[in-house]
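These notes concern the structure reproduced below.
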Amino acid sequence: MSEVKADQYFVPHQARWPIVGSVGLTTTVVGAAQLLNSETAMTPWMMYAGLLIMVIMMFGWFGEVIKESEEGLYNTDVDTSFRMGMIWFIFSEVMFFACFFGALFYARSLSVPWLGGEGTGLSTNTELWNGYEGVWPTNGPGELGGKFEILDPFHLPLINTMLLLTSSVTITIAHHAVRVNNRMQTIIWLAATVLLGAIFMYFQVAEYIEAYHLNLTLESGIYGSTFFLLTGFHGMHVTLGAIMIAIITIRVAKGHFKPENHFGFEAVAWYWHFVDVVWLGLFIFVYIL
Amino acid sequence: MKYLIIVAFLFILFSLGQALFYMVKGKGKSQNTVRFLTVRIIASVVLFIFILLAMKMGWVVPHGTKMVPG
């Protein structure tokens, strides 16, 4: 945000973006629900239309916020609101990934061993799933999706981990540069971060293609569903983060941030670190341990 | 060896959390956010190199290299 000078808490008049956002979100969710529930060949256009409205809303709303910030309409109280908003946003993100990691740990450490006869699950194993060993990774005793192979963690996941870690190094260099007001350095390292994020996504798509060739699909029981949900939603966050950094890069080029006033930059940089840590967790718990 | 990796990962989470705390509390004036984020990335790189070493030395065997009976 730019200079904070006003004593009054800035309240915009005739804000039209909240209602546009509501319409967009409703259209997206209703479209997605129809797509999932319909047994006939339902086209996904309603969902796409909703997503388009959401994108228009985001560009419009965020653009207005940036403009108001640069006009110096925000005082320190508004600044506090932005920071509190960031905390709640991150809290929701943490809970979101905690759900999927929780599902992974529960299946892996508790329910799969029970089906295999561990602990009090002995009769479950002998009576219901006799012969099932309950060893992770598994598609369960029902053998959903058929025989599958696991991706080699030394290949694409390793490359992707190196790419994301490098991108966090580049954004940290940019962060140090913005604090000493070195605009050119900031732009170069931010652009490098976006590029590394894009390469990561390219390899992620390549990994999914390889997985399907190994018959590891979204249908492959508990391993397939946890694997694709965790890595898929993570990929979505990388894409979003890269778009956010690209916009921040343009803002830096326009001279928007100052060493003592760069919350927009800092929030995006932190978000990128968060996405990187989630990947590190995935690499450790999904691929390695 | 597994537990060492998990403890290191928890330390990385702690550094990330500290950076968030100072981002909200420091109001942009504090150097602590960038400092903890720097600690976070250094720790992550070290952990990554350690995992590579652990796999090479056979201290940790990744599960993703065997065929799954289906």
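The values are calculated or read from the model by the stated rules, or taken from the named source; none is laboratory data. Not measured: the values here are computed from a predicted model. Using ideal geometry, Cβ is built from the backbone for each residue, glycine included, and neighbour counts are taken over all protein chains shown.
Data table
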read-out: Pairs, first within 16 Å of A:F233 (Cα to Cα) and assigned by TED's automatic domain parsing to the domain that holds A:F274 in segment A:78-102, second in a helix (DSSP H, G or I) and at pLDDT below 95, C-beta under 6 Å, six or more apart; value: A:F97/A:V278; A:F100/A:L229; A:F100/A:L230
read-out: Filter result for A:L35 (surrounded by 12 or more Cβ atoms within 10 Å (Cβ to Cβ) and modelled with pLDDT under 90); value: yes
read-out: Residue list for segment B:10-21, filter: in contact (Cβ under 8 Å) with a residue 24 or more places away in the chain and either closer than 28 Å to A:E260 by Cβ or crowded, with 19+ Cβ neighbours inside 10 Å (or both); value: B:I12, B:S15, B:L16
read-out: Qualifying residue in segment A:241-256 (condition: modelled with pLDDT of 90 or more and within 21 Å of B:I12 (Cα to Cα)); value: yes
read-out: Top-ranked residue of segment A:133-148 - restricted to ones that are surrounded by 19 or more Cβ atoms within 10 Å (Cβ to Cβ) and within 10 Å of another protein chain (Cβ to nearest Cβ), ranked as nearest to A:Y208 (Cα to Cα); value: A:F148
read-out: Residue ID - farthest from A:N139 (Cα to Cα), chosen from residues in segment A:243-263 that are within 18 Å of the chain's Cα centre (by Cα) and buried (at least 21 other Cβ atoms within 10 Å of the Cβ); value: A:I248
read-out: Subset of segment B:22-37 [of a type outside the set (A, V, I, L, M), out of contact with any strand residue (DSSP E or B) (no Cβ under 6 Å at 6 or more places or on another chain) and either surrounded by 19 or more Cβ atoms within 10 Å (Cβ to Cβ) or more than 9 Å from chain A (Cβ to nearest Cβ) (or both)]; value: B:Y22, B:G26, B:S30, B:N32, B:T33, B:R35, B:F36
read-out: Any hit, segment A:153-170, residues being farther than 30 Å from B:P62 by Cβ and at pLDDT 95 or above; value: no
read-out: Residue within segment A:257-277 that is in a helix (DSSP H, G or I), within 10 Å of chain B (Cβ to nearest Cβ) and closer than 16 Å to B:I5 by Cβ present; value: yes
read-out: Per-region count, segment A:104-132, residues out of contact with any helix residue (DSSP H, G or I) (no Cβ under 6 Å at 6 or more places or on another chain), closer than 20 Å to A:L230 by Cβ and of a type in the set (A, V, I, L, M, F, W, C); value: 3
read-out: Members of segment A:175-188 that are touching a Ser or Thr at 6+ places or on another chain (Cβ under 6 Å) and within 10 Å of chain B (Cβ to nearest Cβ); value: A:V178
read-out: Filter result (out of contact with any Phe, Trp or Tyr (no Cβ under 9 Å at 6 or more places or on another chain) and within 13 Å of A:I222 (Cβ to Cβ)) within segment A:108-131; value: A:L110, A:S111, A:W114
read-out: So B:K2, is it surrounded by fewer than 17 Cβ atoms within 10 Å (Cβ to Cβ), within 17 Å of the chain's Cα centre (by Cα), at pLDDT below 95 and within 7 Å of chain A (Cβ to nearest Cβ); value: yes
read-out: Filter result (of a type in the set (A, V, I, L, M) and either closer than 14 Å to A:I56 by Cβ or loosely packed, with under 12 Cβ neighbours inside 10 Å (or both)) within segment A:16-32; value: A:I19, A:V20, A:V23, A:L25
